[in-house]
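Student: Pasting a structure here, questions to come.
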Amino acid sequence: MPAISEKKAVAPNMVDSNKLMQKQKKILLSPFLFASTILFFIRLFLNPLSAEEPRQSIDEIKKSVVQIRVFSQAKDPFSPWMSSGISASTGSGFLISKNRILTNAHVVSNAKFMETQRNNQTEWYELKVLFIAHDCDLALLEVSDPKFYEDSNYLELGSLPELASPVDIIGYPIGGSKISVSRGIVSRIEQSTYAHSQIDSHLVVQVDAAINPGNSGGPALQDGKVVGVAFQASTKGENIGYIIPTAVIQHFLKDIEDGIYHGYVELGIQTQPSYSESHRKYYGIPSVEEGVFITKVLKAGSADGYLKPGDYLTAIDGRKIGRNGNLLETNSIDFLEVVDNKFAGDEIRFDLIRDKKKINVKFPAKKMIQMENQRARYGVNYDYLMFGGHIFQTVNRDLLEAWSKNGQTQGGSLLVYRFYDATTLSDGQSEDVVLYRKLPHPINSNSDFYLNMVVEFVNGTKVKNLTHLKELFQSATEKTIRIQFYGIQLPMILDREESEKADLEIKKSYHLTGN
Amino acid sequence: MKFLNLMYRFVFVLFFLFFAGFIHSKSIPVGMTDASILQVKVTVQYPHFIQPWRNKNPEVRQSTGIYIGENKIIIPAQAVYFYTSIEIKKPDSLKVFTAELERLDPDLGLAILKFNDPNASKDLKAVTFSNEVFLPGTGLVMESKDQRSLEEKKIRMIRLDMEAYASGYVELPFIEIQSEEKLDGVGELIVDVSSRIPQGILYQFKENNTGRVIPTFSIRHFIDGKNFPFKGFRFKPLIDSATRNHYGLRKDDLGVLVAEIYPGSSADGVLQLEDVLLEVSNFKIDPKGYFDHPKFGKLNVSYLFHNTNDTDSSFGKKIKIKVFRNKKPVSLELDLKPIPESAIRIPYGNSRFQTPKYLMLAGIIFQELSEQYLTEHGNQWRNRVSKELLYLNDFYRIKRNSKEGKVVFLSQVLPLSGNKAYHTAHQMILKTVNGVQVQSLEQLQTLISESGTPYVHFVMSDGFEMIFKKEEIQSLNAEAKQSFQIQRDSNF
């Protein structure tokens, strides 16, 4: 049933009341119409729930949906000492309690100033972010002025909508100041990548309704309850939008209960299906056992130290896993979805076959540090190091995207490869540091050969991360600094004192501040 | 009497050698009406690197051929790679002759063809290539097009320089030219404008009106059946003072840094990484890698190893080298050898007439990584191919030691019900089979055929595994061959 009970214009009845009564008597006597009436009541009796469902009028819903205006400014990862221009954008949000507004993280990312307004309000109220979760594209906001909440309403969270059921998406799309309602049908429910972070994959609900800029953060309603937050549109098909379902919203709200957003945990394994009988026999897996083989256990993931390549996972938390990696009970949900719903410290239990023996393994869920640089980040200052005009930075998604936008794509295969395979290459302790550009100065005129290379050693010491690189440069006492990069055999040689001296000139010439 | 006979014979041999040498090195002008320039039409059928069991559609390549005597024609090698038919047309003749490839040098980019008909060269005038290069100077390009008679266009020959040709590995001398005319660069003969003495063969011409010519002495060296030496190392300029100081160099006008050494090459065992190359054949090497040649001016140091010019050829000689190693001068001698093809880990440039090898196991195609495989993915190939393969191709083309093997990878799975567990696998590097590291397709084939275990266990570099019963491999191959019309399990 649609969420909004539509109001219809009613024409006043101008007929004489006595005549009307007589007419109604005739109608009741008509057997056909009488049967119809009976059928109507039977239907009502068989389906009492629908009559009891809370349905809010559009006026009530309007009181809970807000428009958000954001003025943002980001840092430029390619020139981390510089800020980009200031831009303005709008989005939507809605009240989920008396004074809390839920919206998408991407609506308020990089915000320097935010304001909001409810329908029919004339004044804009200043907003602040209480919690922001880039990995699931959600944020919780608050307005400090109590006047904003006068005569407001808040929405309740519902459940996962059924396939082919209608949902109403409410918000302020394309910058309009009037509320907009568009109706769509749930066309698919699946795990998919969230465009905001570009790496995290959670449950999404696909609807065949247009989700336009400005819609983001607005509620998707069914029977007056929130079934999701509108957040992204398909780039492939027309009129395909996605909403974040309530399971993800509830995960976010539960995560912040202690006042801190911790983020999603990662299992940290790679698996392959077990369709091959030969493969199963080689590992001594009985033919009745369904499950998946582990091919890799990532360093510093939850499973590191507990699971091993070659293990055959048959169940997670007692829920059976199929040969294709989906939960047998539904055969449409990946078993990793079970981990997705957990929080750091929660126990993950596996039934598995290892060395032809059935065993149980349990371990706590935890976050994977390596994932941080894989994720698009917002509102951060990018740490960097300049030495002899050479700019070093931790390899991360923002840098890589800025780097390719700057046309630096030639010869960068080492950088690209190490980024995309970072989770498997990483030892869980160290991060890649790349020499990705230089600010030209006579001292570095011959160092192009080393651009886009990832640092491996400095004066024979393996570099762990950018902070470590800084320490190595600062603590160096040798006259020359010898930097070795992955893939190339010749080191880069820099004169320590000359480089430091040149850096002072470079900072002045190129207007570098900070760091 | 016997002694006298011997004397006569000796004198005769001496006279013959002198005369032959005189004839050989004598420069003979090429007249405008000489029948020396031929039109060559080659039909080629290139192999398919992504689906190595099949070939692409045939194509026709047109080029210029130059008659060099003894029924032989010299043409650019690019024209004849993977040829299926060669047709040659003489000037002012409608008859078409056929020829076969006699020899090819992928680094020089030239090939010699031989007429199938021994009488085909009747009325053709041979062009001789000598050592003479007139630089700078004006030249003429002699080309023959369609049914028209010979045409001549003017060019300016600017300078001699060194670089690996478009498809080669070895840096060789080339003459840079400029012309206002539009030229093809498909093997046209270049002669000096006044003396009409051959100067070289045009092998490249760009839209910016510059082109490249293979100089006569390199052509003669090739015609004589000799191979080209390779210095066996690569160097990096040594310009910045910090690096120079680090390596203990006091003078700032000498030396380049040895950056890469090919295993099994001329330099292997002689030079070391991070040696500073100071002198070669008593020529001082500047920090950018140039030396002063008395005739050609500043030239890349590679010239001292790779040139075949009679007057300063190092071919067949020991080359004296002076390096700075661990802050001390060291004198070395280096024997020149041809490029060791075994040092190439991932073939690059052109295919050097190598068809892509494959080995099918259980309907799964394994190949050895080559740049041709990657570039076959279209103009955007760098964005399309596996990032790991791309990275390896950029940084590990040359073996770092002789023990390093080829990069064997799973290119695709031919979908069959028996290998359905692995249908999604593609562009994965094969690490081990039954626990043994895989270094070549030949070794992989041997490992499979000699495997004594009931199962064959493949492990990819990312941990992905494939396991088949030994007998499954053969039966799935048979099914794949029938289903996908593949002739053989392997092509080597």
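The values are calculated or read from the model by the stated rules, or taken from the named source; none is laboratory data. Please read these numbers as outputs of a predicted model, since none were measured by experiment. All Cβ positions, glycine included, derive from the backbone under ideal geometry; neighbour counts span all protein chains shown. The accessibility values were calculated without ligands, DNA or RNA, using every heavy atom of the protein model including side chains. Shrake-Rupley method; radii C 1.70, N 1.55, O 1.52, S 1.80 Å.
Student: Using a 1.4 Å probe on the protein heavy atoms only, what accessible surface does A:Arg100 show? Give it in Å² to the nearest 10.
Tutor: Probe radius 1.4 Å; accessible area of A:Arg100 about 70 Å².
Student: Which whole-number value in Å² is the accessible area per residue of the stretch B:165-272, probe 1.4 Å?
Tutor: Normalised by residue count, the accessible surface of the stretch B:165-272 is 35 Å².
Student: Keeping all protein chains in the complex and leaving out DNA, RNA and ligands, what accessible area do you get for A:Lys462 with a 1.4 Å probe, in Å² to the nearest 10?
Tutor: Its heavy atoms expose roughly 90 Å² to the probe.
Student: So, one more: Give, ordered by residue number, each residue of the stretch B:224-252 whose 1.4 Å probe accessible area is reduced by a minimum of 10 Å² on adding the remaining protein chains to the chain alone.
Tutor: The answer is B:Lys236, B:Ile239, B:Asp240, B:Ser241, B:Ala242, B:Thr243, B:Asn245, B:His246, B:Tyr247 - residues whose exposure falls by at least 10 Å² when every protein chain is included.
Student: Give me the accessible area of A:Thr271, 1.4 Å probe, in Å² rounded to the nearest 10.
Tutor: About 60 Å², rounded to the nearest 10.
Student: For the stretch A:58-149, what's the relative contact order in percent, using C-alpha pairs closer than 8 Å and at least 6 residues apart?
Tutor: RCO, the stretch A:58-149: 28 percent.
Student: Can I ask one more? When all C-alpha to C-alpha distances in the stretch B:277-428 are sorted into bins of 10 Å, what percent of pairs does each bin hold, rounded to whole numbers?
Tutor: Percent of Cα pairs in each bin: 9, 25, 24, 20, 13, 7, 2, 0.
Student: Can you work out ³J(HN,Hα) from phi for every residue in the stretch B:458-464, in order, using Karplus 6.51 cos²θ - 1.76 cosθ + 1.60 and θ = phi - 60°, giving whole Hz and x for Gly and Pro?
Tutor: So the J values, rounded to whole Hz, are 9, 10, 8, 5, 9, x, 4.
Student: Estimate for me the total accessible surface buried between chains B and A (protein heavy atoms, probe 1.4 Å, no ligands or nucleic acids), in Å² to the nearest 100.
Tutor: 3200
Student: Right, something else. Whole-Hz ³J(HN,Hα) for each residue in the stretch A:82-88, computed from phi via Karplus 6.51 cos²θ - 1.76 cosθ + 1.60 with θ = phi - 60°, x for glycine and proline: what do you get?
Tutor: 10, 9, 7, x, 8, 10, 10
Student: Which of the three applies to chain B, rounded, prolate or oblate, going by the alpha-carbon gyration tensor with a ≥ b ≥ c and a/c under 1.5 meaning rounded?
Tutor: oblate
Student: Here's another thing I want to ask about it. Show B:Thr355, A:Thr295 ordered by accessible area, largest first, where the area counts protein heavy atoms only and the probe is 1.4 Å.
Tutor: Correct descending sequence by accessible area is B:Thr355, A:Thr295.
Student: Then there's this: Using θ = phi - 60° and the Karplus form 6.51 cos²θ - 1.76 cosθ + 1.60, what ³J(HN,Hα) does each residue of the stretch B:204-217 get, whole Hz, x for Gly and Pro?
Tutor: Per residue, the Karplus-derived 3J(HN,Hα) values read 7, 8, 9, 5, 7, 6, 10, x, 10, 10, 7, x, 4, 5 Hz.
Student: Can you list the residues, at least 5 places off or on another chain, whose amide H is less than 5 Å from the amide H of B:Asn116, using H built in the peptide plane?
Tutor: Hits under the 5 Å cutoff: B:Thr98, B:Ala99, B:Glu100.
Student: Rg/Rh for the stretch A:58-149 to two decimals, with Rh computed the Kirkwood way over all alpha-carbon pairs.
Tutor: Radius of gyration over Kirkwood radius for the stretch A:58-149 works out to 1.02.
Student: Another one. Using a loss threshold of 50 Å², tell me which positions in the stretch A:407-448 are less accessible in the complex than in their chain alone. Probe radius 1.4 Å, ligands and nucleic acids ignored.
Tutor: A:Ser413, A:Tyr417, A:Asn446
Student: In addition: Ranked from highest to lowest mean number of other Cβ atoms within 10 Å per residue, what is the order of the peptides A:214-221, B:446-453, A:468-475, A:201-208?
Tutor: A:214-221, A:201-208, A:468-475, B:446-453
Student: Taking Cα atoms of the stretch A:269-366, Rg/Rh with Kirkwood Rh, to two decimals?
Tutor: Taking Rh as the inverse mean 1/r over Cα pairs, Rg/Rh reads 0.94.
Student: What number, in percent, do you get for the relative contact order of chain B if the mean sequence gap of Cα pairs under 8 Å and at least 6 apart is divided by its residue count?
Tutor: 10
Student: For peptide B:380-388, what's the mean number of Cβ atoms from other chains within 10 Å of each residue's Cβ?
Tutor: Shielding by partners across B:380-388 averages 3.
Student: Modelled label-to-label distance, B:Ser483 and A:Ser192, 7 Å Cα→beta-carbon offset: nm?
Tutor: 3.2
Student: At 1.4 Å probe size, put B:Met360, B:Met428 in order of accessible surface, largest to smallest.
Tutor: B:Met428, B:Met360
Student: Using all C-alpha to C-alpha distances in the stretch A:370-462, build P(r) with 10 Å bins and read off the rounded percent in each one.
Tutor: 15, 49, 31, 5
Student: Express the accessible area of the stretch B:37-115 per residue in Å², computed with a 1.4 Å probe while the remaining protein chains stay in the model.
Tutor: Ligands and nucleic acids excluded, the figure is 40 Å² per residue.
Student: Taking 40 Å² as the minimum loss, tell me which residues in the stretch A:251-277 lose that much accessible area going from the chain by itself to the full protein complex (1.4 Å probe).
Tutor: A:Gln272, A:Tyr275
Student: With all protein chains present and a 1.4 Å probe, how do A:Asp427, B:Asp123 order by accessible area, largest first?
Tutor: Descending order: B:Asp123, A:Asp427.
Student: Work out, in µm²/s and without decimals, the Stokes-Einstein translational diffusion coefficient of chain A at 10 °C, 1.306 mPa s, Rh from Kirkwood over C-alpha pairs.
Tutor: 59
Student: Packing-wise, with mean Cβ within 10 Å as the measure, how do A:306-316, B:66-76 rank, highest first?
Tutor: Going from most to least packed, we get B:66-76, A:306-316.
Student: In the structure displayed, which of B:Lys288/B:Lys327; B:Lys72/B:Lys298; A:Lys236/A:Lys366; B:Lys56/B:Lys357; A:Lys299/B:Lys420; B:Lys403/B:Lys431 lie more than 25 Å apart, Cα to Cα?
Tutor: The pairs that break the limit, which is 25 Å between Cα atoms, are B:Lys72/B:Lys298; A:Lys236/A:Lys366; A:Lys299/B:Lys420.
Student: Please state, as a whole number in µm²/s, the translational diffusion coefficient that the Stokes-Einstein equation yields for the protein assembly as shown at 4 °C and 1.567 mPa s, with Rh defined as the Kirkwood radius across alpha carbon pairs.
Tutor: Estimated diffusion coefficient is 37 µm²/s.
Student: For every other residue with a beta carbon closer than 10 angstrom to the beta carbon of B:Phe97, add +1 if it is Lys or Arg and -1 if Asp or Glu, then tell me the sum.
Tutor: Charge balance near B:Phe97 sits at +1.
Student: Okay, next question. What net charge do the residues around A:Asn331 carry, taking every other residue with its C-beta under 15 Å from that of A:Asn331, with Lys and Arg at +1 and Asp and Glu at -1?
Tutor: -2
Student: For chain A, what does the relative contact order come out to in percent, with C-alpha contacts under 8 Å and a separation of six or more?
Tutor: Here the relative contact order equals 10 percent.
Student: Sticking with this structure for a sec: First check a/c for the stretch A:165-256, with a ≥ b ≥ c the square roots of the eigenvalues of its C-alpha gyration tensor; if it is under 1.5, answer rounded, and if not, answer prolate when a/b is larger than b/c or oblate otherwise.
Tutor: Cα axes put the stretch A:165-256 in the rounded bin.
Student: Here is a follow-up. Give me the orientation-averaged projected area of the Cα convex hull of the stretch B:48-134, in nm², one decimal.
Tutor: Its Cα hull, projected and averaged over all orientations, spans 7.9 nm².
Student: Straight distance only, please: which lysines reach the Cα of A:Lys470 with their own Cα at less than 19 Å, same-chain residues fewer than 8 apart left out?
Tutor: Cα-Cα hits under 19 Å: A:Lys438, A:Lys462, A:Lys479, A:Lys501, A:Lys507.
Student: Could you tell me which of rounded, prolate or oblate describes the stretch B:233-341, using a ≥ b ≥ c as the square roots of the eigenvalues of the alpha-carbon gyration tensor, with rounded for a/c under 1.5 and, failing that, prolate when a/b is larger than b/c and oblate otherwise?
Tutor: Oblate is the answer for the stretch B:233-341, as a/c is 1.5 or above yet b/c matches or exceeds a/b.
Student: Next question. Using a 1.4 Å probe over the heavy atoms of the protein chains, calculate the carbon and sulfur portion of the accessible area of the protein assembly as shown as a whole percent.
Tutor: Answer for the protein assembly as shown is 52 percent, counting heavy atoms of protein chains only.
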